[in-house]
Structure formats: structure tokens, C-alpha cells
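The values are calculated or read from the model by the stated rules, or taken from the named source; none is laboratory data. Given the structure is predicted, the values throughout are model-derived calculations rather than measurements. Note that we place each Cβ from the backbone using ideal geometry, even for glycine, and neighbour counts take in every protein chain shown. Side chains included, ligands, DNA and RNA excluded: accessible areas come from the protein's heavy atoms. Shrake-Rupley method; radii C 1.70, N 1.55, O 1.52, S 1.80 Å.
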Amino acid sequence: NRPLWLEAGIKLIGTKEFSGSKDNKVIIDWARDEGGGIETSYTHDSIPWCALFANHILTKVGLKGTETLWALDFAGKWPSIRLNGPAVGAFAPMKRTGGGHITIIVGKDQHGNPMGLGGNQSDAVTIAPFAMSRLNQGFYWPAGVTMPANVGINTLPIIKSNGQLSVKEG
């Protein structure tokens, strides 16, 4: 019962940016597909691309995203509803040194840490555990989509992890 955008994002796990001056054409094409300010601003895969990924998976299933490259715009600056806690498929923006990051909740690990699917997590599309305290901007659900049946950390399915919390985004 995963939301369509989450299914679309899971299919992209392993996509990664290239090191040096060479760009991953797949990521660049996401920006081209988004058009507007995203296409104009996103010219190299070395530019933080977590919001590009989040917008791409929403657009791919016919939903509207933020239409920006700013992760913190997912904190209520798009057609969304704020949830009372995490839910599978919820967008979880967070502040980090140098800006923000956006991840999509897929479950929790065996240690109780929320697990998030995101782009530009260690320079790739990955699922990683996050400290709950980092998910400090709330949890958001796309407007116009049936609300999740289960909300809250205790309702999330368990996804095994190595327990090493994400610390490198952007």
C-alpha cells in the first residue's frame, strides 16, 4: 500500500551523481523534464538535487511539487497537508548545515529511526535512517490525495538498516 510517488522513487534507488566535471545525464534529464526554474537552475549534478528528486517523483505520477530546488519549500510551500507525524510516503523536510534536505518516509529501522528515501543522500538515491530530531520541519502529504490510514512513528513498518544515521546530504 505504498503511494505511487514512493513506488516511482524506489525504482530509482542507486541513481548517483558522477564525480568531477562529468554529469549523470539521468539526473540532468529530471531537471529538463521539470522545466521552468528547475530546468534553468539545475545545470550540473554537483548542485544539491534532493528537491529535484522529490519533485521528479511527484511529477512522474501526475502530482504537483514545489517547482523549486529548495528542499525547505516542502515545508508547506506547495499543495500539501501537514500530518501529525510520519507516515509511509510523507515528505519530511529538514534543516541542515548549509540549507535543507527532503526525504520521503518509507518506514523505521529496528532502532526506531525513521527511514527516508531521498536523492542526494551520500550523492545517490538511497534509503537511509534519520534521527527523529532532524526531521524538524514536519511531515507533509500531497493535497488532493487520500490521506494515509496510519500516522505516527509506531505505525511505520520496520525496514532493516545498519543503524548508521544519515549525515551527508547535499
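Less than 5 angstrom separates the built amide H of Phe139 from those of Leu83, all sequence-distant by 5 or more or on a different chain. Ranked by solvent-accessible area (1.4 Å probe, protein heavy atoms only, all chains present), the residues His44, His111 order from largest to smallest as His111, His44. The three principal axes of the C-alpha atoms in the stretch 65-153 carry coordinate ranges of 31, 29, 21 Å, sorted with the longest axis first.
For a quick check of understanding: with a 1.4 angstrom probe and all protein chains in place, what accessible area in square angstrom does Glu67 have, to the nearest ten? Accessible area, nearest 10 Å²: 110 Å².
Of all lysines in the structure, the ones whose alpha carbon falls short of 19 Å from that of Lys160, not counting any fewer than 8 places away in one chain, are Lys11, Lys108. Extension gain, Val145 to Arg32, is 38.1 nm, computed as 0.36 nm per intervening residue step minus the present C-alpha separation.
Taking only the Cα atoms of the stretch 122-170, the ratio Rg/Rh comes out at 0.99, with Rh defined as the Kirkwood radius. Simple point charges give the picture: +1 on the Cβ of Lys and Arg, -1 on the Cβ of Asp and Glu, and for the chain a dipole about the Cα centre of about 400 debye.
What shape does the stretch 1-69 have by the C-alpha gyration tensor, where a ≥ b ≥ c are the square roots of the eigenvalues, rounded means a/c under 1.5, and otherwise prolate means a/b greater than b/c and oblate the rest? Oblate is the answer for the stretch 1-69, as a/c is 1.5 or above yet b/c matches or exceeds a/b.
Cross-link reach is defined here as a Cα-Cα straight distance under 12 Å, omitting same-chain residues fewer than 8 places apart; for Lys77 the aspartates and glutamates meeting it are Glu67.
The Kirkwood hydrodynamic radius of the stretch 1-147, based on inverse pair distances between different Cα atoms, is 15.1 Å. Between Val167 and Ser21, the modelled labels are 3.3 nm apart [label points 7 Å from Cα along Cα→Cβ]. Legend: P(r) of the stretch 41-100 from all alpha carbon pair distances, 5 Å bins from 0, whole percents, reading 4, 17, 28, 27, 17, 5, 2, 0. Calculated accessible area for the chain comes out at 48 Å² per residue, all protein chains present (probe 1.4 Å; ligands, DNA, RNA ignored).
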